[in-house]
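The values are calculated or read from the model by the stated rules, or taken from the named source; none is laboratory data. Please read all numbers here as calculations on a predicted model, not as lab measurements. Every residue, glycine as well, gets a Cβ built from its backbone with ideal geometry; the counts of neighbours run over all protein chains shown.
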Amino acid sequence: MKNIVIFYSVLILAAVFALVVWFGCRIEPGNGKIAVLIRKTGSPLGQGEIIAAKPGVKGIQLEVLGEGRYFRNPYVWDWEIHPVVDVPAGKFAVLVRKFGKKAADGSIIAADAESRGVVREVLGTGRHRINPYAYEVRLFDDIKIMPGNVGVVTNLTGRDVFSGVKNDLSRDDGFLVSKDRKGVVSEVLKEGTHRINPFIYSVTIVNTQSQRHEFSGSDAITFLTVDGFTVSLEGTVEFNIDKKLAPRLTQVVGNMEDILKKIILPSVHGFARIEGSKKRATEFIVGESRRLFQEELDKYLRANCEKWGIIINSVLIRDIIVPQEIAAIIRNRELAQQEARKYSQEIERARSEAELARQKMLAEQNLKKVEANTEKITASIAAQQRKVEAVVAAETELKVAEVEFNTAKAQAQAQLNAAEAERRVVAERNRAEAEVLARQAEAFGSGSAFVQAKLYEKIMPGIGSIIWNGSGKGAFGLPEGTSARGGNSK
């Protein structure tokens with residue numbers, strides 16, 4: 001009986017022990033959980049320490065237990081269940097170590113694995129077993145650099161003038177630094193996804209694609225010409241940033257708006273005001289000055305922006321706005337010049353017709369000469385034939401033939417003389433008409449003035465018919481019998 005009691009007592013004790021171990025000593029982190037161990041016994045923590053980094057030290061242990069089943073003595077250990085650090089897609093995590101040695105220079109970046117501060121290495125997408133008492137976890141978005149963009153990197157840590165290191169002025173005028181110094185580095189981040197610790201580096205995304213800016217309306221470029229008129233320019237400039245010089249440009253100048261306001265637009269305004277003030281307002285309406293002005297502006301802007309790392313793709317002056325009073329004068333002058341060219345063409349056509357008539361007359365004269373010569377030759381041949389036939393004729397017949405021959409010769413000469421006289425008369429008449437036209441042009445001062453007078457002579461009848469309407473009333477409402485000049489009509 002006693003043995004049975006002992007057996008059941010042992011069995012009960014074993015069951016109790018098993019229950020105590022199962023329910024009191026079992027540590028079983030589930031899916032996505034970790035267990036943080038806290039030692040109740042052991043050597044005390046040092047002053048200022050919060051994590052027991054070494055075995056046998058009392059306090060929160062650095063190592064954690066992952067998913068699974070563990071057994072620990074509850075009199076020696078305590079534990080807490082925490083979720084794992086889940087870094088979603090498109091983000092990364094930065095750890096801030098809460099334990100370890102403090103940096104002597106006050107830096108926030110952990111120098112090594114035993115120093116407190118921001119850990120240089122970042123955690124990528126996924127689940128990570130991080131002790132929440134030992135580390136603070138901060139999530140950041142991935143740095144995505146799209147095509148046509150670059151990332152300008154700025155070192156937030158490193159050597160600088162405050163740590164006793166002078167700037168290296170040999171690197172791009174001292175604005176860019178090497179990778180171990182604070183400041184903007186010359187190397188850029190190319191397109192793609194980057195995970196860079198934001199406590200150590202700052203990244204500025206710079207668009208290197210072609211940009212287009214229009215200066216029109218209130219943004220139009222205005223300047224004064226040499227004759228005191230205000231002229232406005234409206235146009236477009238296309239540009240992009242050189243990838244290699246993007247770090248220096250963003251460091252010295254700023255963002256895209258700063259580039260426009262500090263470099264491109266001041267360059268356009270300065271050139272327009274300096275070069276535009278050397279020209280008259282009329283030069284921007286007609287002639288080659290307008291085209292040359294655009295070419296010079298394009299050349300100047302390219303040269304001035306290239307040294308900053310700005311590539312000018314095109315400069316187009318779409319419109320040059322001049323005062324209306326100047327434009328009206330130019331338009332009227334153009335119309336007058338067109339009319340003058342029209343009458344010059346008519347005069348030239350008349351001259352061509354006169355030359356054609358002269359050539360025709362010369363041809364007729366030459367024809368008459370040929371006919372006269374033909375008649376002369378024919379008469380000579382006939383006379384010789386008659387002479388041969390009448391060689392035995394009487395002397396009287398011979399003399400008659402000679403007289404007839406001389407008569408025919410005289411007639412032929414008379415016809416030649418008449419034709420020459422008629423040619424000289426025509427030539428003299430043409431020369432006289434040309435001299436009259438020249439003297440008339442000289443009397444008016446110039447050929448254009450003479451043409452203008454002829455123009456007025458032709459259009460005055462039309463103007464008179466306009467002034468004198470067909471309603472029976474005088475010009476502009478004057479009573480009948482009164483001319484436009486104020487006199488009585490006859």
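Residues that are within 60 Å of the chain's Cα centre (by Cα) and not in a strand (DSSP E or B): does the stretch 54-75 have at least one? Step through it out loud before you land on a result.
Kept after step one, since they are within 60 Å of the chain's Cα centre (by Cα), are these residues of the stretch 54-75: none.
No: the stretch 54-75 contains no residue that is within 60 Å of the chain's Cα centre (by Cα) and not in a strand (DSSP E or B).
Among the residues of the stretch 183-228, which ones are within 30 Å of GLU275 (Cα to Cα), touching a strand residue (DSSP E or B) at 6+ places or on another chain (Cβ under 7 Å) and polar (S, T, N, Q)? Write out each step before concluding.
As a first pass, look at the stretch 183-228 and keep what is within 30 Å of GLU275 (Cα to Cα): 210-228.
Imposing the further condition that a residue be touching a strand residue (DSSP E or B) at 6+ places or on another chain (Cβ under 7 Å) reduces the set to 210-216, 220-225.
Answer for the stretch 183-228, where residues must be within 30 Å of GLU275 (Cα to Cα), touching a strand residue (DSSP E or B) at 6+ places or on another chain (Cβ under 7 Å) and polar (S, T, N, Q): SER210, GLN211, SER216, THR222, THR225.
Anything in the stretch 76-85 that is part of a strand (DSSP E or B) and touching a His at 6+ places or on another chain (Cβ under 8 Å)? List them, or say none.
So in the stretch 76-85, the residues part of a strand (DSSP E or B) come out as 77-83, 85.
Within the stretch 76-85, just VAL85 meets the criteria.
Restricting to the stretch 452-471, name every residue that is modelled with pLDDT of 75 or more and either assigned by TED's automatic domain parsing to the domain that holds GLU346 or β-branched (Val, Ile, Thr) (or both).
Listed by number, the list holds a single entry, ILE459.
Can you tell me which of (1) outside any strand (DSSP E or B); (2) surrounded by 17 or more Cβ atoms within 10 Å (Cβ to Cβ); (3) of a type in the set (A, V, I, L, M) is the one ALA111 doesn't meet?
Answer for ALA111: the failing condition is (2).
Answer with yes or no whether VAL188 is surrounded by 13 or more Cβ atoms within 10 Å (Cβ to Cβ), assigned by TED's automatic domain parsing to the domain that holds VAL96, part of a strand (DSSP E or B) and at pLDDT 90 or above. Before the answer, list the steps.
Working: surrounded by 13 or more Cβ atoms within 10 Å (Cβ to Cβ): yes; assigned by TED's automatic domain parsing to the domain that holds VAL96: no; part of a strand (DSSP E or B): yes; at pLDDT 90 or above: yes.
In short, no.
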